Amino acid sequence: MTNKKTMMGESNLSNAADPPNSTNPNNPSGESTVQAPRSLWANLRFVRLFMAYALATFGDWFDALAIQVMVAYRWGADPLIIALIPVCMAVPGILFGSVAGALADRLHKVRIMLLCDGITIALTVGILFAPSPAWLLPLLALRAMMSVFHVPAQQALTRQIVAEEQLFKASSLNGFVNQCAKIAGPLLGAVVLAFFSPQICILINACARLLSGAVLWPLRRLVEKQEFAVSSDPAGHDVKESRSLFIQWQQGWKYLRRNHTVRNTIVFGCLGLMSILMIEYQFTTLFREIKPGNESLLGWLGSSVGAGAVLIILLLDRLPRIGYGWGLGGGYFLIGTGIAALGWVGPDTSTAWIVVMGLCTGLGNGLFMVTMNYLLQKETSPDYVGRVFGIQNSLFSVVLVAAPLAGGALIHLAGPSPTFQMIGMVTLAIGLGGILLQHMLWTVPSSSASKANPESAA
């Protein structure tokens, strides 16, 4: 009869600031552990990972505007073709998100990221020479697939190389970079577009990915924790074998079903994200109806949303942590308030109020994003972080495809302003429910601790 149990392979994940052969008296096995340095910036491995993430994120946003300009203005593509761009970029997450998470927990995470960076560079160069949308859309889908495999590996490695008490700060820093890239990337890309061609922006993205890989390269020999299964052979000896990818994929879903906090977080995130994405691509429709002669409103709104997210992330960076209910529920509450208020915008509404509504939405976005990433990393067993983030990516990609289509149909039936009011109130109610029910949704009962154990899931 086979007896299976989990053993962790030898790890070399002790913090870069610690002595190389330091031992913990409470850890007689000699397995290295991640110890918190006095500052997160003293963790040289995290610094490299953070710099690589910043470069890759900046590059992704830098050529986003250039691709739209190239398709809409240089090629004069049909609006249906333009609408297919976000769909093509979401489909890989639906198909491969959970598989990518299982691979991130199974294989060497740094090497996965390096491989994804290398393929992304090649695909970006291919986009540079794409002659038509028929070539561009498949290349964009393949490039999006590389991000599907890159993100779970990055999150899983962060969980391993950062001490638990510093995970919240690490999540805040990653969120800060993401929001800054959303603001600075398209802005700088627009400046470059004003003087050069879209191809220059695409080439800059390829260079950013090249730098990202170069920063990660010294970590390619990092020894990471690996999961093994131990079974008895016919002679009664323990034999160490690697679990199959399919079994690890199954265990990821079973672990999610048994982990009360993580499961509820992803479901709560999908509910709120569904309502938000229904109108995310419809701001132009709203402003075109209310103030058709003021095309700058969209720029003011986008900038204020980004500024609000950056402000709240800077504030969170000074806190040791935040309550899950206040972070997740409060984030959706603020987002819903901003969206609902936009539904009541009239022709006489000043631009200052548009900026205030954008700031409110951005504050909620940053609050929710940082809290969610921190929760998923902290409440997930280190061996399952990649799979959990991969499953989250799959589910969110489904929402990313379905929600804009539903939002467009709703606006067609009810009109922009009523739709914004209704969706904003629904999002606000979801956030308020998260605040009021936070002890039920995000408090793990002590009796369920064994159920959330990875081996119980197996």
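Details
- Val223-Ala163 FRET efficiency (beta carbon distance; Förster radius 25 Å; 0.05 resolution): 0.90
- Prolate/oblate/rounded label for the range 372-442 (Cα gyration tensor, a/c 1.5): oblate
- Shape call, the range 328-412: gyration tensor on alpha carbons, a/c limit 1.5: oblate
- The range 135-176 and the range 322-389 have Cα centres separated by 19 Å.
The numbers here are math on the coordinates, done by the rules we state, and not lab data. From a predicted model like this one, the values you see are computed outputs, not experimental measurements. Every residue, glycine as well, gets a Cβ built from its backbone with ideal geometry; the counts of neighbours run over all protein chains shown.
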